[in-house]
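Undergrad: For reference, the structure I am asking about is given below.
The values are calculated or read from the model by the stated rules, or taken from the named source; none is laboratory data. Just so it is clear, the structure is predicted and the values come from calculations on it, not from any experiment. Ideal geometry is used to build each Cβ from the backbone, glycine not excepted, and the neighbour counts take in all protein chains shown. Please note that ligands, DNA and RNA were not included when accessible areas were found on the heavy atoms of the full protein model with its side chains. Shrake-Rupley method; radii C 1.70, N 1.55, O 1.52, S 1.80 Å.
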Amino acid sequence: MPTLRVLSLALLLSVAVGGAANGSDRERDLEFANGATAARASGEITGRDGVSYRVAAAADQRLEVRFSASNGSCYFNVFAPGSEAAVHIGSTAGDQFSLDRTKPGVYQIQVYLMRNAARREERCRYQLTAELTPAGAPAVAASTKHQICRREAAKMYGVPPAQIALAEARIVRGGLEIDGTADKQAEGVKKLRCIFDGGGRFKRIMAMTPDGE
């Protein structure tokens, strides 16, 4: 039995690494702005030197991670608090990860190059976004909420969607809000706020610029 346990642990660790180069990972905190649901990071890694981002989660939140890289051998893994086995292995599972209910603690997002690319000292420029939404919110990404807000604001103000600028979504009592502006050109720039309920459904747009301004 002890031998089986040792073999099982070794197998888990090899799967968790997922072909990563196992160099020295820099560790960084992925910080969310006050009230924001999403945080972004970008950078460059070379060879065996990766980077690991720490994301502090509460119990029963929804965690989503989206990743893009300049090198086809560049991936990300996700580790749950206190676990040595990855809950997401980018080289096999792809560039997006979602978890419906988080454990309280720190999740690790490891960015790395596969061994073959690391041995050649290749480089990878990457961008990643991590999103934490309130417990009970549906599986709707912040990017989707922004698309809805931009579409509805464009209709309300009678301008093309490209003339709607939006800030990050933020958690408020009873739901989510996204502040933005509508560029009406000769009529000026109008401030607005998209309001979503606690279930993530779009409710309405609040005009934040008084009439006549």
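Undergrad: If I filter the stretch 58-74 for residues that are at pLDDT 95 or above and in contact with a Ser or Thr (Cβ under 8 Å, 6 or more places away or on another chain), do I get at least one hit?
TA: Within the stretch 58-74 (the criterion being at pLDDT 95 or above and in contact with a Ser or Thr (Cβ under 8 Å, 6 or more places away or on another chain)), the answer is no, since none of the residues qualifies.
Undergrad: When the residues of the stretch 34-52 are narrowed to those that are within 21 Å of Arg115 (Cβ to Cβ) and open to solvent by less than 50 Å² (accessible area, probe 1.4 Å), which ends up farthest from the chain's Cα centre (by Cα)?
TA: Initially, the stretch 34-52 is screened for residues within 21 Å of Arg115 (Cβ to Cβ), giving 43-52.
Keeping just the survivors that are open to solvent by less than 50 Å² (accessible area, probe 1.4 Å) gives 43, 45-47, 50-52.
Numbers: Gly43: 15, Ile45: 19, Thr46: 23, Gly47: 24, Gly50: 18, Val51: 16, Ser52: 14 Å.
Among those residues, the one meeting the criterion is Gly47.
Each row is one residue, and each column tells you yes or no for (1) at positive phi; (2) buried (at least 21 other Cβ atoms within 10 Å of the Cβ); (3) part of a strand (DSSP E or B).
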| position | (1), (2), (3) |
| --- | --- |
| Ser98 | no, no, yes |
| Thr102 | no, no, no |
| Val106 | no, no, yes |
| Ile109 | no, yes, yes |
| Glu131 | no, yes, yes |
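Undergrad: Right, something else. Select, from Val87, Val78, Val65, Val55, the only residue that is β-branched (Val, Ile, Thr), open to solvent by 30 Å² or more (accessible area, probe 1.4 Å) and in a strand (DSSP E or B).
TA: Val87
Undergrad: Restricting the search to the stretch 37-64, which residues are more than 15 Å from Glu131 (Cβ to Cβ), out of contact with any strand residue (DSSP E or B) (no Cβ under 7 Å at 6 or more places or on another chain) and of a type in the set (A, V, I, L, M)?
TA: Ala59, the sole residue that qualifies.
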